[in-house]
Amino acid sequence: MSQPSRKISFRCRVMALGGFVALVLLAGCTTESKHQWLTVFFDGVPPLGATNAVAASTTVKPSPTNVVSQAQPPPPPPLPKSVIHPPYANRDCTACHESKFSQKMLGKPGEVCFNCHKELKQSLAASKLTHPPVGEGDCKSCHNPHQSLNKKLLVTKGNPLCLTCHDNPLAAGKFKHQAVEAGDCTDCHAAHAANFKGLLKKSAKETCAECHADLTAKKKVVHQPVADGECLECHKPHAGKIKGLLKKTVKETCAGCHDDIPAKSAKVIHQPVGDGDCLACHNPHATDKKALVKKSAPALCWDCHDNFLAPAKFKHDVVEDCFGCHKPHSSAAGKLLKKDLLKVCAECHDDKDLKAVKGHAGAEGKSCVVCHDPHIGKDKFLLKPSALDQQAGKEPAVAK
Ligand code: HEC
Ligand code: HEC
Ligand code: HEC
Ligand code: HEC
Ligand code: HEC
Ligand code: HEC
Ligand code: HEC
Ligand code: HEC
Ligand code: HEC
Ligand code: HEC
Ligand code: HEC
Ligand code: HEC
Ligand code: HEC
């Protein structure tokens, strides 16, 4: 074969006339397309963005055994390095084209590439899902078959490559996932093929756990769908219109699986439960407390109710166990009581014993809370002020 310098001068002569016209035309072209044409017809055209020094040393000798990487010196760090596809660098045009002078491909798109990239063909066959452009052999929508300034011969770097065909998933709402905003689509997705729904490289569970394992780490109680890695039951992966990347409002999210809370037959619904503010009391993922509560009662209750225990002189023995008498969400009885007011005290206080109490003369049939406060009191019998007055012999305060 002729020396590169001679070839250039030969071609220059042939194209002296046409060359002038071409140069005028090329002057209007983008740098990249100019470069592409130059490299087609001339050897030794420096890669885009390279200095002359690099150009000289990346000139590939026309030997079929030459591997371009051997000819490359240590790359100058500040400049992007052009990646040249080895068969192209080796001038092995007929590995892909019918001849050196024809752009016609040797076979169907994709198949040509699989002649050499056999492991890729195998991995596609072994995968459950193939990205449609890959399955269709449309390699060139992502790769430049000759050379590129981007690694892996990609036509565009990073997320813009994916966005040439896909709508930007971050446009789905004002709440955006930082992992998508700051990361690469290929952190989570495979470009060619995968075994997991949505072309994920790993299962959804493993994908999310990679960065969010701390949500459940060392916690004693884990919400079942979270333990099962069903993050996408509640969350959107990229962006959404609802805070916390939720697919639906908190109320609708929880009701999706817990439609019995509040109970349909309930007479009384605890206000935050009715409002769907489940997160006022629960952590959606995991806690160290029973039933995923953020805090145990009664501390939990003091987030919204005045702490009536702190200033109390006398307390009902069992008052700290609020759920001994109340239900957290809803009830068929008033005041969120587990049972009717008349029955709730009888759970622990035997009727027979009460009859023997002096102060209970005439108390029968009356609600206990007419005379007693269920929580606290000024005396050890938890008598309400009116009952205390009656005790002291004043007017018959209690009427019901
Ligand atoms: C690895 C396979 C491969 C090799 C090797 C290869 N080409 Fe190509 N070439 C392609 C593909 C794929 C296209 C795009 C075809 C299409 O658009 O349908 C292409 C397109 C072209 C085009 C059209 C313009 C362009 O750049 O899109 C020219 C000209 C060309 N090749 C010349 C060459 C020459 C000359 C060589 C040898 C120095 C060569 N090719 C080596 C795969 C290859
Ligand atoms: C004649 C054999 C041959 C053919 C045909 C071929 N390749 Fe390659 N390709 C190679 C070799 C050799 C390498 C470098 C070693 C490696 O990474 O496997 C390579 C590397 C690549 C790389 C990775 C580049 C990098 O920087 O790591 C891509 C992407 C690629 N080829 C795409 C294609 C596409 C697309 C086609 C079809 C248009 C194709 N190849 C056809 C031989 C070939
Ligand atoms: C949707 C875009 C897209 C399409 C279509 C596509 N690729 Fe790729 N390819 C990529 C990306 C992105 C990478 C880099 C992957 C990475 O860095 O993890 C890559 C990497 C490669 C590599 C390097 C292998 C490696 O593991 O580093 C080869 C070879 C390759 N592609 C060949 C092909 C062939 C052949 C086709 C057509 C059958 C094709 N690609 C179609 C996006 C694509
Ligand atoms: C050449 C066009 C093209 C490019 C470039 C492209 N895709 Fe696709 N992609 C498609 C088509 C077509 C589909 C199938 C239709 C759909 O789901 O939108 C698809 C589907 C997908 C799916 C959904 C698969 C499923 O099972 O629901 C994901 C995820 C995906 N692409 C990710 C990517 C990523 C990541 C990139 C960048 C590395 C990328 N795509 C680049 C064309 C493209
Ligand atoms: C943090 C991981 C992650 C990142 C980063 C990411 N995705 Fe996804 N993507 C997912 C998950 C998870 C799904 C849902 C998979 C499923 O349905 O099971 C998904 C689904 C998709 C789908 C299928 C259709 C849909 O919207 O549900 C497309 C297309 C897609 N992603 C494109 C992209 C593109 C483009 C980028 C980069 C801009 C990107 N993704 C970045 C995790 C991610
Ligand atoms: C590459 C790391 C990474 C991966 C993988 C990842 N995330 Fe994230 N995610 C982040 C970062 C960083 C933040 C922002 C800081 C924070 O809130 O923890 C975030 C925030 C979130 C938020 C809160 C958003 C908000 O606005 O409050 C949710 C919900 C979320 N991720 C869900 C997921 C789900 C579901 C998956 C799996 C599909 C996942 N993440 C995978 C890194 C990641
Ligand atoms: C049962 C529904 C549900 C499931 C399943 C779920 N989440 Fe959440 N997640 C929520 C709710 C509700 C919020 C709070 C949203 C808000 O701030 O209003 C949240 C908030 C988050 C946040 C923001 C930071 C924080 O700690 O509150 C991250 C990160 C997060 N989830 C990641 C995940 C990951 C990862 C998974 C899977 C392991 C997952 N979620 C499973 C409902 C769920
Ligand atoms: C995808 C279905 C699903 C969604 C959505 C869901 N849960 Fe659950 N939840 C379950 C399952 C399954 C259990 C375990 C079985 C049971 O106790 O019903 C459970 C149990 C619970 C428990 C009891 C945990 C324990 O250890 O006793 C609480 C509390 C809870 N969920 C709260 C919520 C809240 C709050 C929301 C909304 C942020 C929510 N759940 C959304 C499925 C779901
Ligand atoms: C005022 C605080 C509070 C609110 C608001 C609240 N919960 Fe609870 N929830 C609790 C407490 C406390 C328990 C545990 C009761 C116990 O220990 O007996 C509980 C238990 C549960 C349980 C497991 C036991 C059961 O009763 O089935 C589920 C499921 C549950 N809550 C779901 C929800 C959902 C869904 C919402 C929103 C609609 C919600 N909670 C709102 C305090 C609350
Ligand atoms: C997120 C705020 C919030 C938390 C936490 C909360 N409550 Fe409430 N609760 C309310 C509101 C609001 C009302 C209705 C207005 C009122 O009566 O003060 C209410 C009313 C009640 C009622 C009266 C219901 C009726 O029908 O009159 C009881 C009983 C009650 N709460 C018990 C509890 C107990 C027990 C706890 C702790 C496990 C608790 N609450 C935690 C907000 C809360
Ligand atoms: C021994 C049973 C019992 C226990 C334990 C109990 N309560 Fe009550 N609670 C009642 C009864 C009975 C009423 C209704 C009183 C009435 O109607 O006068 C009530 C009423 C309430 C009310 C509504 C007050 C109003 O005026 O509407 C709140 C709030 C309340 N309890 C909170 C709590 C909290 C918080 C705890 C735990 C620290 C708790 N209760 C423990 C029996 C109990
Ligand atoms: C969960 C069990 C339980 C329930 C329900 C219960 N109590 Fe009690 N009560 C106790 C215990 C234990 C004591 C203290 C030991 C004793 O009986 O002497 C006590 C003591 C009392 C005392 C006397 C205080 C003392 O020191 O002798 C009164 C008054 C009282 N309870 C009223 C009520 C009323 C009114 C109700 C219904 C609103 C009620 N109790 C519901 C368990 C309960
Ligand atoms: C008419 C007012 C009144 C009604 C109604 C009433 N009590 Fe009492 N109760 C008292 C008085 C007054 C005492 C103090 C007894 C004494 O004088 O020794 C008392 C004392 C008690 C004691 C303490 C007994 C002891 O000796 O330690 C208990 C327990 C008690 N009541 C429970 C109840 C229960 C449960 C109910 C409802 C079934 C109820 N009371 C209804 C007025 C009433």
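Assorted remarks:
- Helices (runs of 4 or more DSSP H) (entirely within region 89-208) containing at least 2 residues that are under 27 Å from Lys247 (Cβ atoms): 159-163, 178-181, 185-188
- Positions within region 321-337 being over 18 Å from Trp302 (Cα atoms) and under 38 Å from the mean Cα position of the chain (by Cα), in sequence order: Ser330, Ser331
- All of Asn144, Asn168 fail the test of being surrounded by 13 or more Cβ atoms within 10 Å (Cβ to Cβ), under 30 Å from Pro86 (Cβ atoms) and more than 8 Å from ligand 3 (Cβ to nearest atom), apart from Asn144.
- Of the residues making up region 209-259, those that are in a loop (DSSP other than H, G, I, E, B) and under 24 Å from Cys185 (Cβ atoms) are Gly229, Glu230, Cys234, Lys236, Pro237, His238, Lys241, Lys247.
- Selection status of Pro272, assigned to a helix (DSSP H, G or I) and either touching a Phe, Trp or Tyr at 6+ places or on another chain (Cβ under 6 Å) or at pLDDT 95 or above (or both): yes
- All told, His223 meets the bar of being touching a residue at least 40 places away in the same chain (Cβ under 8 Å), within 13 Å of ligand 8 (Cβ to nearest atom) and not assigned by TED's automatic domain parsing to the domain that holds Asp288.
- Verdict on Asp187 being acidic (Asp, Glu), closer than 22 Å to Pro133 by Cβ, at pLDDT 95 or above and outside the structural domain of Lys121 (by TED's automatic domain parsing): yes
- Screening Leu129, Leu120, Leu124, Leu153 for residues that are in contact (Cβ under 8 Å) with a residue 60 or more places away in the chain and at positive phi leaves exactly one candidate, Leu153.
- Lone unmet requirement of (1) surrounded by fewer than 17 Cβ atoms within 10 Å (Cβ to Cβ); (2) near ligand 5 (Cβ under 9 Å from one of its atoms) for His177: (1)
The values are calculated or read from the model by the stated rules, or taken from the named source; none is laboratory data. As the structure is a computational prediction, the values presented were derived from the model and not from experiment. All Cβ positions, glycine included, derive from the backbone under ideal geometry; neighbour counts span all protein chains shown.
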